[in-house]
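Data block below; observations after.
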Protein chains: 4
Amino acid sequence: MIIVTRIGVTEDEVDQIRERIEAAGLRTHISRGETHTIIGCIGDEERLEHVPLLSLPGVEGVHPVMKPFKLAAREFSAGPSRIPMGQVEMGGETLVVIAGPCSVEGEDMLVETATAVGAAGARGLRGGAYKPRTSPYSFRGLGARGLELLARARELSGLPVVTEVMDTRQVDEVAGHADVLQVGARNMQNFALLTEVGRVHRPVLLKRGMSSTLKDFLLAAEYVMKQGNMNVILCERGIRTFETATRNTFDLSAIPVLKRETHLPVIADPSHAGGVRELVAPLSYAAVAAGADGLMVEVHPRPSEALSDGDQSLDFEGFRELMTRLRPFAEAAGRRVEESNPSAVA
Amino acid sequence: MIIVTRIGVTEDEVDQIRERIEAAGLRTHISRGETHTIIGCIGDEERLEHVPLLSLPGVEGVHPVMKPFKLAAREFSAGPSRIPMGQVEMGGETLVVIAGPCSVEGEDMLVETATAVGAAGARGLRGGAYKPRTSPYSFRGLGARGLELLARARELSGLPVVTEVMDTRQVDEVAGHADVLQVGARNMQNFALLTEVGRVHRPVLLKRGMSSTLKDFLLAAEYVMKQGNMNVILCERGIRTFETATRNTFDLSAIPVLKRETHLPVIADPSHAGGVRELVAPLSYAAVAAGADGLMVEVHPRPSEALSDGDQSLDFEGFRELMTRLRPFAEAAGRRVEESNPSAVA
Amino acid sequence: MIIVTRIGVTEDEVDQIRERIEAAGLRTHISRGETHTIIGCIGDEERLEHVPLLSLPGVEGVHPVMKPFKLAAREFSAGPSRIPMGQVEMGGETLVVIAGPCSVEGEDMLVETATAVGAAGARGLRGGAYKPRTSPYSFRGLGARGLELLARARELSGLPVVTEVMDTRQVDEVAGHADVLQVGARNMQNFALLTEVGRVHRPVLLKRGMSSTLKDFLLAAEYVMKQGNMNVILCERGIRTFETATRNTFDLSAIPVLKRETHLPVIADPSHAGGVRELVAPLSYAAVAAGADGLMVEVHPRPSEALSDGDQSLDFEGFRELMTRLRPFAEAAGRRVEESNPSAVA
Amino acid sequence: MIIVTRIGVTEDEVDQIRERIEAAGLRTHISRGETHTIIGCIGDEERLEHVPLLSLPGVEGVHPVMKPFKLAAREFSAGPSRIPMGQVEMGGETLVVIAGPCSVEGEDMLVETATAVGAAGARGLRGGAYKPRTSPYSFRGLGARGLELLARARELSGLPVVTEVMDTRQVDEVAGHADVLQVGARNMQNFALLTEVGRVHRPVLLKRGMSSTLKDFLLAAEYVMKQGNMNVILCERGIRTFETATRNTFDLSAIPVLKRETHLPVIADPSHAGGVRELVAPLSYAAVAAGADGLMVEVHPRPSEALSDGDQSLDFEGFRELMTRLRPFAEAAGRRVEESNPSAVA
């Protein structure tokens, strides 16, 4: 922590600031400039968390030096984390594409989708059983029945299942059926939920909140990891800005910045970022080109009949074309895309 | 719902769009312009929710006509709602100021604060027992013990207690101790929590999410109201923008816009909006001038020793001065500020 | 300037950083913490402007200590600046309201408006002769003829005239007719124009850019002042955010923050910030409550016939009511509102 | 234009709205729904620009149907525009990379850079003679001398020159030396400048404003085109959002959205979007993968000595590596990257 004092700070004020810092167990280092005096704090910055430094007389600014996240920081791990997801690993050489419907609407459509996306090269199946919806009047998912259908689809397709959990009370239930627990953008700072998913033995796919900085995002991952669950996958899905031409503003730079800051895998959700079908492909290519470890894509057998997010879902033909056209981009980025899923096509 | 078609839309496409709408149970009204054909949908727009209109061939844009919130809409109520809060009503002629520490840190500081703010004219006591913190390493509140202390402070001061609930599993416990349940900005779209607080018989103070539009905000209130709990108080506390000179950007216009759109009371939280003590007073005056029904202000006996938010907390003297200087603004806005709290000073 | 090094920085890297700083003529002060070494730079920070510090090996972050603006900084002036505007001063005890049409549309409407707003207490007349419009197909003002009409309206009403200048080639022409030169939000970082208006002897009313931080805003004022023209009036008019319920997001906090950072007067434009007539009054009250030195309000004899911004213009009756209801707020804020303009009512 | 009326609108109000629209020369089409009446306006929407529809009694909302830009719209042109730039065309099959220093600092560094980037495959040379700088105390370019050096570098390298123009008075001078006139982000809504560059016979490279929507951006292009200059190249360079981890937020989706909306070529500036050297490569790959027609990249012989933007400039080795690694991404996107510039290496 570095404390910059106001022009005209008095010796007494500097002394009082120093005393507060030293009382918290840190050492100080005073550096007098022409107009400002700077106080460096040496030791564990966390101990200063309770000290309202900005309120002390004479303080103009406070600059943290240490990153507030630790377990998520790149320095914490010898190399990039590889997170097991069924027969593949997220974060390894293979580009992992997770695909499936926004919501589980029924058994047939789910099995049909799982088979089709697996055959096209997807390595995970997504599908919402519990759905967060902005309006209480929207379709909110099949709930427990949806979870059972997902487990059934996994059995038939061999694809590990990713599904969202929205309530601390559902964590065990969802963890009993799914391979990866998704925490949605709107719950990224639902700290009770983050804590609870940190206690189970399932990887967590954490989506970035609409107004979360990357620092907030990594601190949310830290909440999960602090409970002992180190298997967190970060997912960029667009942030909220003034631009209305797209549903969200896809923050592509988040991918390389996160890859630099953390050892956790980073994937992108081009469906929610763009909000319309025709943007899914260009955003997917771009995410992979920028270094993403994977993608999560909405696919529906008949998008024009989908109960939610039909506008941004690909149909099977569209998904197959995406996977085919994605391959050279993935290879240019040093990634491998597997041809097809043998379990699925069997 | 109004559907605008693309230039060059074919008759077949228009027919297909019309069929989808009529299949959902609405009537259509076709209007052919020089370049575009417009299809008006007459009937219950909600039935179109499952129809991915933007995906249909020939559709360029979709404009909803009806507001997505109903119970929260101004038209739903004969006049502004008045929500009982102890001996006062939020939404009536009296400006209701809720004050207290960010976190409950102990009995003495809480009782001391309750007494002081009550004596200065506050009509509610705030204080966090369960605290949402961006970092898992920050102080996160006293929990159950904090709730007991709040109940004790209410007894002594006569002030109704407002405190945050963060987890569906805590709703009953918090409702057993508090007069008003606060749902924080980070949980504004925690739909499981909104649903759960909608089931209890306590007013809910709902804070606007950092990246929520006013429409999202009213839909979050609608979630609570749909469960039968009509007593929702809306709180503007700043949104996230590019400006870094303040902790958040206080969206003052939200106050008059919400007063126009809804019958629910609207208050402001100048402490979180500005993030520093010296902004609390000007933001408070402004909020009241713009028509706010109340304020929620952080007050601590010794801000420089606060365990959280010390930088933005007023001390007792500061709060008394705020209340005194607030009076003429409140009167100019047609509001009454009560002199003092007889229970508190007794 | 404070330089924070990366974890594991080498002695050699620290030496190279130090050499670059000392080569620029500053002294350094090294402070070694447990994980980071911090290098304080003592001397004129501007000399470091050409040194790409972030690119030097071992550098993690750079924190400026000195404010980049000087002439605009509060410390530069013994007290708040008072800027002469006709018979009043902007920045003094009197709240100065500038009113008039968005565009000058003709002589009659302008004189009629000047007389009416003057009689209601306005102390300045606004009106656009050259209009910046987002679309090239919109009405763009009467140009030179508009300037003449403004000069004529000043003669008849006694009100000083504020009008926009958009092109370096027009500065002399506009300065020949107007009392105050307005630089619009879209030109806030048109540095050629800022430099040019800095060379004339007319106060400049500088509107905040839609995506300008307050630091950018003060640096734009600094551009004008650096040319010798110290008479700059800052105008908050809303920033661009994700919220679409209002035309712009009125950043009310900008008023008290600017009053703390600079000696220049600060006014608000509630018409552009809100974008609709019914928001003009609450935003005006709030701006004055928060400490604004003045307001700029759009008024038109018949808003429903205005050639531009009719939706946000008040009619004469609306303006009179605003001025009447504004008085108690202004008084609560320690400001005086003058009763009426004797020249105008004569 | 579609007008939605308020619940409870009267027949009289509907009649008055209709009369105003018909008085402007359009026809109307009334559609009565269960709660709202909708008025479709048939004819030239521009004629309604002066009618403040939102102010008319009974109006709740106004939805434009026609796009406000015409010359820039995709429908205006039979296919994508190809804009001549020296020996190549921007918007054709070849990916056009423009490279060079932020500022022209002297003859040697400029010629050295032109030769190096040309040899590595660049097809245009960038370099600022007139520089917009946020602070008036920063280096602002060599001016006229810089233009001469650019012309000299073109002669030696064979690369067409792109340089910024900031003032209407400089347009002829800059057009006399440069092949492409750049209008910077801060001047994107400097309408006087847009008009002036529309009058010369040089392609214009228009950078997106920091808070400009894509609609604003296309309207700015329309300003230039309306003067007769159809050769406009659009450049995405990042927008301003709450995220501070990057200098700007690179709005990648802007590329495919613009390619859909307009026939004009679209390029990206990864240097300004990311703001640090290590982001230039991933953002470049992503932009090309998403369909960009070209890139503009800052390159400096010795970035650590650059007078501006050193932190985000590549050195020659970095640029060569970028060009090499870019090739497979460009090919995957159906683009050609030329091997080298024969004039340059000669």
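What follows is calculated from the coordinates using simple rules that are stated; it is not laboratory data. Every value quoted in this text rests on a predicted model; they were computed, and no experiment measured them. Every residue, glycine as well, gets a Cβ built from its backbone with ideal geometry; the counts of neighbours run over all protein chains shown.
May I ask you to derive the FRET efficiency for D:Arg169 and C:Arg145 from their Cβ-Cβ distance with R0 = 22 Å, giving the value to the nearest 0.05?
0.40
List the lysines whose Cα sits under 28 Å from the Cα of A:Lys226, skipping any in the same chain fewer than 8 residues away.
Output for A:Lys226: A:Lys67, A:Lys70, A:Lys131, A:Lys207, A:Lys215, A:Lys259, B:Lys131, B:Lys207.
With everything on Cα atoms, drop me the angle between helix D:144-157 and the longest principal axis of chain D, reported from 0 to 90° to the nearest 10.
Long axis of D:144-157 versus the principal axis of chain D: about 70 degrees.
Roughly how many debye, to the nearest 20, is the charge dipole of segment A:115-221 about its Cα centre, given +1 on each Lys and Arg Cβ, -1 on each Asp and Glu Cβ, and no other charges?
So the dipole magnitude of segment A:115-221 works out to roughly 280 debye.
Could you work out the relative contact order of segment B:1-143, using alpha carbon pairs under 8 angstrom and six or more residues apart, expressed as a whole percent?
Taking the mean separation of contacting Cα pairs over the length of segment B:1-143, I get 18 percent.
Relative contact order (percent) for segment D:2-63, with alpha-carbon contacts under 8 angstrom and 6 or more residues of separation?
47
What's the average, rounded to a whole number, of partner chain beta-carbon atoms within 10 Å of each residue's beta-carbon in A:231-244?
Average neighbour count from other chains, rounded to a whole number: 5.
How many percent of the alpha carbon pairs in the protein assembly as shown exceed a separation of 68 Å?
Taking all Cα-Cα pairs of the protein assembly as shown, the fraction more than 68 Å apart is 3 percent.
I'd like the orientation of helix C:214-226 relative to chain C: the angle between its Cα long axis and the longest Cα principal axis, in ° from 0 to 90, rounded to 10.
Long axis of C:214-226 versus the principal axis of chain C: about 80 degrees.
Considering only the protein assembly as shown, what is the antiparallel percent among its DSSP beta bridges, to the nearest 5?
Of all bridge pairs located within the protein assembly as shown, approximately 40 percent are antiparallel.
Would you grab the residues whose amide H sits under 5 Å from the one on A:Thr28? Only those 5+ places off in sequence or on another chain, please, with H modelled 1.01 Å from N.
For A:Thr28, whose amide H was placed from the backbone, the distant partners under 5 Å are A:Ile42.
Normalised by the residues of chain A, what does the relative contact order come to in percent, with Cα pairs under 8 Å and at least six apart?
17
Please report how far the C-alpha centroid of segment C:2-52 lies from that of segment B:89-153, rounded to the nearest whole angstrom.
Spelled out, the Cα-based centre of one part sits 45 Å from the other.
Report ³J(HN,Hα) in whole Hz for each residue of segment A:126-134, in order, from the Karplus equation J = 6.51 cos²θ - 1.76 cosθ + 1.60 where θ = phi - 60°; Gly and Pro get x.
Values, residue by residue: 9, x, x, 9, 10, 10, x, 10, 4 Hz.
Return the equivalent ellipsoid semi-axes of chain B as a descending list in whole Å, where each equals the square root of 5 times an eigenvalue of the C-alpha gyration tensor.
Three semi-axes, in Å: 44, 20, 19.
Taking amide H atoms as placed 1.01 Å from N in the peptide plane, list the residues 5 or more away in sequence, or in a different chain, whose amide H sits under 5 Å from that of C:Ser103.
Under 5 Å from the amide H of C:Ser103: C:Gly128, C:Ser308.
Just A:Ala119, A:Ala254, A:Ala24 to compare: in a GNM of chain A, with alpha carbon springs under 10 Å, which one fluctuates most?
Its mean-square fluctuation being the largest, the pick is A:Ala24.
Treat every Asp and Glu Cβ in the protein assembly as shown as -1 and every Lys and Arg Cβ as +1, leave all other atoms uncharged, and give the resulting dipole magnitude about the Cα centre to the nearest 20 debye.
My answer is approximately 0 debye.
With θ set to phi - 60° and the Karplus curve 6.51 cos²θ - 1.76 cosθ + 1.60, what are the ³J(HN,Hα) couplings of segment A:314-319 in order, to the nearest whole Hz, using x for Gly and Pro?
7, 8, 4, 4, x, 5
5 Å is the cut-off here: which amide hydrogens, built 1.01 Å from N in the peptide plane, fall below it relative to D:Leu295, excluding neighbours closer than 5 in sequence?
It is D:Val96, D:Val97, D:Ile98, D:Ala268, by chain and number.
If you restrict to DSSP beta bridges whose two residues both lie in segment A:49-207, what percentage is antiparallel, to the nearest 5?
Of those bridges, close to 20 percent are antiparallel.
Give me C:Lys67, D:Lys259 ranked fewest to most by other Cβ atoms within 10 Å of their Cβ, as a rough exposure proxy.
C:Lys67, D:Lys259
Expressed as an acute angle from 0 to 90° and rounded to the nearest 10, what is the orientation of the C-alpha long axis of helix D:277-289 relative to the principal long axis of chain D?
Once rounded, one gets 60 degrees.
Would you work out which of A:Met166, A:Leu56, A:Gly79 lies farthest towards the positive end of the dipole of chain A, given +1 charges on the beta-carbon of Lys and Arg and -1 on that of Asp and Glu, about the Cα centre?
Projecting each Cα onto the dipole axis, the largest value belongs to A:Gly79.
Let me know the charge dipole size of chain B about its Cα centre in debye, to the nearest 20, where only the beta-carbon of Lys, Arg (+1) and Asp, Glu (-1) is charged.
200
Per the Debye formula with a single identical scatterer at each Cα and no solvent contribution, what log10 I(q)/I(0) holds for segment B:2-63 at q = 0.15, 0.23, 0.24, 0.26 Å⁻¹?
So the normalised log intensities are -0.37, -0.89, -0.97, -1.15.
What percent antiparallel are the DSSP beta bridges of segment D:74-345, to the nearest 5?
About 15 percent, rounded to the nearest 5.
Residue by residue through segment B:119-125, what is 3J(HN,Hα) from phi via Karplus (6.51 cos²θ - 1.76 cosθ + 1.60, θ = phi - 60°)? Round to whole Hz and write x for glycine and proline.
4, 8, x, 5, 10, x, 10
Taking the Cα-to-Cβ direction at B:Leu156 and at A:Glu11 and moving 7 Å from each Cα, how far apart do the two end points lie in nm?
In this crude spin-label approximation the distance works out to 4.3 nm.
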